[in-house]
Amino acid sequence: MFEIKVNTDFSAAHNLRDYKGKCEKLHGHNWAVEAVFRYSKLDGSGLAVDFRIARGALKDAVEELDHSYLNELKPFKNTNPTSENIARFIFNIVKKKIKNIYSVAVWENERSCAVYYE
C-alpha cells in the first residue's frame, strides 16, 4: 500500500453557531490542510499519483474558502463551519477529481485538527 500526502493552507473567518464560548464570536484562522491518498499499486512510471495533480486538486478545493467569511458561503449557510465540516467539504471536492483520497485533516492551529475520512 502506498500513501501520498500533500498540504496547503488558507485563511478565513468564521463563527460557530449554537456554541457557548469564545468561538461563537467572529474570529479567524490560518488553517493548514493535509490530504492523504492511498493506492495499492503504482502506474507504469512508478507513481501512485503525481504530487502536482494531488496538490492542484487540494488547492482548488480550498480556493473558495480562502480569505472568506465561511458562514456566508453556500456550503456553510446551514452547516456550522467547524473544522470537522470543513474537512468533509474539502474531502468531497477533492474526491470528485481523485477517487483514491483517503482522508483530509484540517488544522486550526499547530495543536488542534479534525480529520475526515469515509
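Values in this text are rule-based calculations from the coordinates and carry no lab data. Note that the coordinates shown come from a computational prediction; the quantities given were computed from them, not determined experimentally. Positions of Cβ are backbone-derived with ideal geometry, glycine not excepted, and every protein chain shown enters the neighbour counts.
Using only alpha carbon pairs under 8 Å that are at least six residues apart, calculate the relative contact order of the chain and give it in whole percent. Relative contact order of the chain: 31 percent. Within segment 18-48, the trypsin sites (Lys or Arg not before Pro) that combine a DSSP coil assignment with at most 15 other C-beta atoms in a 10 angstrom radius are Lys20, Lys25, Lys41.
Between the beta carbons of Glu108 and Leu47, assuming R0 = 30 Å, the FRET efficiency works out to 0.40 to the nearest 0.05. Compared with the dominant Cα axis of the chain, that is its longest principal axis, helix 83-95 is turned about 30°. With a Cα cut-off of under 14 Å and a minimum spacing of 8 residues unless on different chains, the lysine pairs in the chain number 4. Between the Cα long axis of helix 51-63 and the first principal axis of the chain there is an angle of about 20°, rounded to the nearest 10. Which log10 I(q)/I(0) values, to two decimals, does the chain give at q = 0.15, 0.20 Å⁻¹ under the Debye formula with one point per Cα? The Debye formula, applied to the Cα set alone, gives -0.64, -1.04. Under a model in which nothing but the beta-carbon of Lys, Arg (+1) and Asp, Glu (-1) is charged, the chain shows a dipole of about 240 debye around its Cα centre. For segment 34-43, putting each phi into the Karplus relation 6.51 cos²θ - 1.76 cosθ + 1.60 with θ = phi - 60° gives couplings of 10, 10, 10, 10, 10, 9, 8, 8, 9, 7 Hz, in residue order, rounded to whole numbers and with x for Gly and Pro.
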